[in-house]
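Enquirer: Provided herewith is a single structure, encoded as structure tokens, for subsequent inquiry.
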Amino acid sequence: MVKKHTKPIVIKLKELKKRYGIGNAEHYALDGVDLIIEKGEFIAVMGPSGCGKTTLLNILGLLDRPTDGDYLLDGKAVEELSSAHHARIRSEQIGFVFQNFNLVPRISVIENVALPLTYKGMRKMKRLKEASRVLKNFHLQEREYYMPAQLSGGQNQRVAIARALVNNPSIILADEPTGNLDSRASHIVMEELSDLHRRGNTIIMVTHNPKLTTYASRVIHMLDGKIASDTKIPVKDESKTEKIPLGHGRKGKE
């Protein structure tokens, strides 16, 4: 029986493979992945280290190319699009939230967050106003004009996440988004991602932390470059749901 999709299909993968090495050193990071992602899903991708999670995320974000198979984004085969088109999609449609942040050390927090808006030709005051709005969601508005070196690691990571979200991307790819954050900062980040999901954004999040799956609408487990299981999570009544603390046993003011 063919499954009917009630929402638009944003991403479709067919027999996707990614091979590294040659001869005896040949290794498949992805080995025949079939996946359909509908608009507005919040997907958590889990699995042991080396199972292909990050490789999958990099291909979805057009940071890497598959060796074989098909990747359709909004119904278009990405391999048929030019490099300039790929760059435009990454700039306008996809937001990257990675564990390792790359802030520009010589400019302030608010200028770092506003940076992606320069590519849209937006005037400086409007860019800064929009960056300030996003920083407020992460409880960082009082540190807008600090330099990155004046912030803690957790605060810098939240700045990097704000920068990824300032363009209001329709697809958000998150690789261990709370990996270096304490419980309070993790809660702030996940609530922001959850709010974006409620507003209709599509989120694909790689994580080792099973507690984060409480925010997802679908959980995928990977093993040896393949999807081992794919589970839909029943829609919860938010008014009756208590989010599980996300801390990793670390303490400290962020």
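Enquirer: Select from segment 123-175 the residues that are touching a strand residue (DSSP E or B) at 6+ places or on another chain (Cβ under 6 Å) and not aliphatic (A, V, I, L, M) and list them in ascending order.
Expert: If the condition is that a residue be touching a strand residue (DSSP E or B) at 6+ places or on another chain (Cβ under 6 Å) and not aliphatic (A, V, I, L, M), then 169, 175 are the ones that fit.
Enquirer: For segment 133-181, which residues satisfy the criterion of being more than 17 Å from the chain's Cα centre (by Cα) and of a type in the set (D, E, K, R)?
Expert: Correct list: 133, 136, 142, 143, 144.
Enquirer: Within segment 57-98, track down each residue that is part of a helix (DSSP H, G or I), closer than 24 Å to residue 178 by Cβ and in contact (Cβ under 8 Å) with a residue 24 or more places away in the chain. Break it down into steps so the answer makes sense when it comes.
Expert: First pass over segment 57-98, keeping only residues part of a helix (DSSP H, G or I): 57-60, 78-80, 83-92.
Cutting the leftovers down to closer than 24 Å to residue 178 by Cβ gives us 57-60, 90.
Answer for segment 57-98, where residues must be part of a helix (DSSP H, G or I), closer than 24 Å to residue 178 by Cβ and in contact (Cβ under 8 Å) with a residue 24 or more places away in the chain: 57, 59, 60, 90.
Enquirer: Among the candidates 184, 199, 218, which residue alone is at pLDDT 85 or above, more than 30 Å from residue 15 (Cβ to Cβ) and either within 16 Å of the chain's Cα centre (by Cα) or surrounded by 16 or more Cβ atoms within 10 Å (Cβ to Cβ) (or both)? Lay out the reasoning, then the answer.
Expert: Numbers: 184 fails: at pLDDT 85 or above; 218 fails: more than 30 Å from residue 15 (Cβ to Cβ).
Among 184, 199, 218, only 199 is at pLDDT 85 or above, more than 30 Å from residue 15 (Cβ to Cβ) and either within 16 Å of the chain's Cα centre (by Cα) or surrounded by 16 or more Cβ atoms within 10 Å (Cβ to Cβ) (or both).
Enquirer: Further, regarding this structure: For residue 119, state whether it is surrounded by fewer than 21 Cβ atoms within 10 Å (Cβ to Cβ), assigned to a loop (DSSP other than H, G, I, E, B) and among the hydroxyl-bearing types (Ser, Thr, Tyr).
Expert: Working: surrounded by fewer than 21 Cβ atoms within 10 Å (Cβ to Cβ): yes; assigned to a loop (DSSP other than H, G, I, E, B): no; among the hydroxyl-bearing types (Ser, Thr, Tyr): yes.
No, not satisfied.
Enquirer: Find the residue count for segment 67-92, including only residues that are closer than 16 Å to residue 37 by Cβ, buried (at least 16 other Cβ atoms within 10 Å of the Cβ) and of a type outside the set (Phe, Trp, Tyr).
Expert: Residues that pass the stated criteria total 5.
The values are calculated or read from the model by the stated rules, or taken from the named source; none is laboratory data. Fair warning: this is a prediction, and the values are worked out from it, not measured in the lab. Please note: Cβ atoms are built from the backbone with ideal geometry, for glycine as well, and neighbour counts cover all protein chains shown.
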